[in-house]
1. Work out how much length residue 744 to residue 612 would gain on full extension: take 0.36 nm times their residue separation and subtract the Cα-Cα distance, in nm to one decimal.
2. Run the simple label-point estimate for residue 547 and residue 383 please: 7 Å along Cα→C-beta, distance reported in nm.
3. Determine the shape class of region 670-729: with a ≥ b ≥ c the square roots of the Cα gyration tensor eigenvalues, call it rounded for a/c under 1.5, and otherwise prolate if a/b is greater than b/c, oblate otherwise.
4. What distance in nm separates the two pseudo spin-label positions at residue 259 and residue 600, each 7 Å out from Cα along the beta-carbon direction?
5. Using helices alone, what [θ] at 222 nm do you get for the chain, with -39,500 (n - 2.57) per DSSP H run of 4 or more residues, divided over all residues and rounded to the nearest 500?
6. By its C-alpha gyration tensor, with a ≥ b ≥ c as the square roots of the eigenvalues, how is region 206-276 shaped: rounded for a/c under 1.5, else prolate for a/b larger than b/c, else oblate?
7. Got a sec? Which residues in region 707-733 would a label at residue 668 touch, if it sits 7 Å along Cα→Cβ and we count backbone N under 17 Å?
8. Take 404, 669 and order them by how many other Cβ atoms sit within 10 Å, fewest up front.
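What follows is calculated from the coordinates using simple rules that are stated; it is not laboratory data. Since this is a predicted model, take the numbers as computed values, not measurements. We place every Cβ from the backbone using ideal geometry, glycine too, and count neighbours over all the protein chains shown.
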């Protein structure tokens, strides 16, 4: 049996073992007495004490709830304006009658609950293996944008794609971030042409939290998730500070400013405005190759979001975004506004992006029934050049998703179904010295999906989903997905998943760094959509250490490609070839992680990961280039009483990685076959005052840098010039400081 069949068999065995366990259905009614008249209480809350299973009464006060027939349990009933009631239910009881008394307490003194914010944690409830980075976790780093939010995270790797454009990409499960799904509040946002620089389009000061999920995601969110999902939650209009200011500067000359302001008109209507600006004008050449290590960059980013709530039954949100960014790099002294230096190599990337989104949710009178609407429109335009190569790209997109959710009998059985539509219009134009490539394509992808969720109290949660998407009416994307959460006991949770995903590649924009090199783009055949299976499991063990909580996580995931677009940098050094997979391509990723507090206010996060990634290149199975085989991470955080001072330290170990072959190059340009292992250190100190914080820190404190990031840098218009040979840090030690100011 192959690994996929083994995982599916284990899931089915666990389901069979669980659902065959004896259970009963408890039926009841909840009411009160007013003026000697019995009055039902509609939509009251009923749930089991110490468990995560509950329900609500209908308009007549009636309810049903599933109960394991193995023990006596306490049932809690609550209703606004009434005193809670706790009733002991015997293990074989199947009927109950509850009467609540009105709460006649005139006043309640203010109660303040203080709890230390968790920086990151593994969700116990979510059946999909999900790690959450909270606001407290984001503030452990300078976190200028999304790409810099994962430095103390073991799951996600971030690296430069090349040595001149400043573009970064993420990796999950040993594969590039293009195989994951990037969402903004559960709306697909950074995709298509935006992938090359999109991680820099989400400022850190705008984010409330980040959820990182491994493996295929729910079918509700689309067909594109193969290796995982990253969802960003922005600050909320109804709960954010009236004013928040974040100013950042580093020794390289980069300056950033973030301003967010929320206003609540009344209990129903609120809005938030978020502004971001950044500027880097310094010429940085730390390795003395006469090329800028980072391009000069200026960015203006605006976001306005509105929220409306009516009677706790209808919630609607609407937002608009605008981004303008300019990048200029290349050789020292190059200025795109001067024609006299045309003999110098330069790059320029000008981007304009507009986005509008809306979403709404309506809860019906029948408990558990609701409908949700999601809409998103965007226009992404990029005009760029790389030496003598010119690239212009435009993407117009529309996305909609309508989701209807209901329960069958009780909250143990939930069904979500709906329809989605994705429209993308791409216009790309690449001009080189010997080619003129135009790629115009339209993608119409309507889809339908259904998902069933079964939960057995405190034991198992099963999500079985299936979606069908119709790619330009010519090809079907069929995506079955299965997720299982099994509580082995109170402290040990097993999660497993298996599913299929697809994606349509945009090879020009996704390989922007290669455009800056002298390689020719060669399309050996018509490229098909990529298609892959992903399956794996995780085990989370919760424990106590010195009266403080901790979590140990062990997980393994495998990705098997049915088709993959091979980016062949090995066969010919003068070319980069793109063709469909002809053979095997797979990724195995195993990770162990522990998060705990050995003493109060001192947090430790330690992890180690192994990646084993192979793909068929030119009919030969090879290790995927530029993927670190090992990664280690230790993140330490200590805060003094009342969080007045906070000290954060992170060290990363990056193991060896295979490099693209350079055997055909002249001797002076040949590179080693593997990149060496290296360490990265970062640290930050934060001092908090009432209403404002100051922080200072450093990145890459060991000052480790890749010595030669550009091959043939002395001859940028020659045949051997290559900026994509990046396996390590480009920038050395960087010291920074910043200030946060808030008005509640």
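1. Gain on extension, residue 744 to residue 612, equals 42.7 nm.
2. 6.6 nm
3. prolate
4. With each label placed 7 Å out from Cα toward Cβ, I get 4.2 nm.
5. That calculation yields -1000 deg cm²/dmol at 222 nm.
6. Oblate shape, in that a/c is at least 1.5 and b/c is the bigger or equal ratio.
7. The answer is 708-722, whose backbone nitrogens lie closer than 17 Å to the label point.
8. Ranked by crowding around the Cβ, least crowded first: 404, 669.
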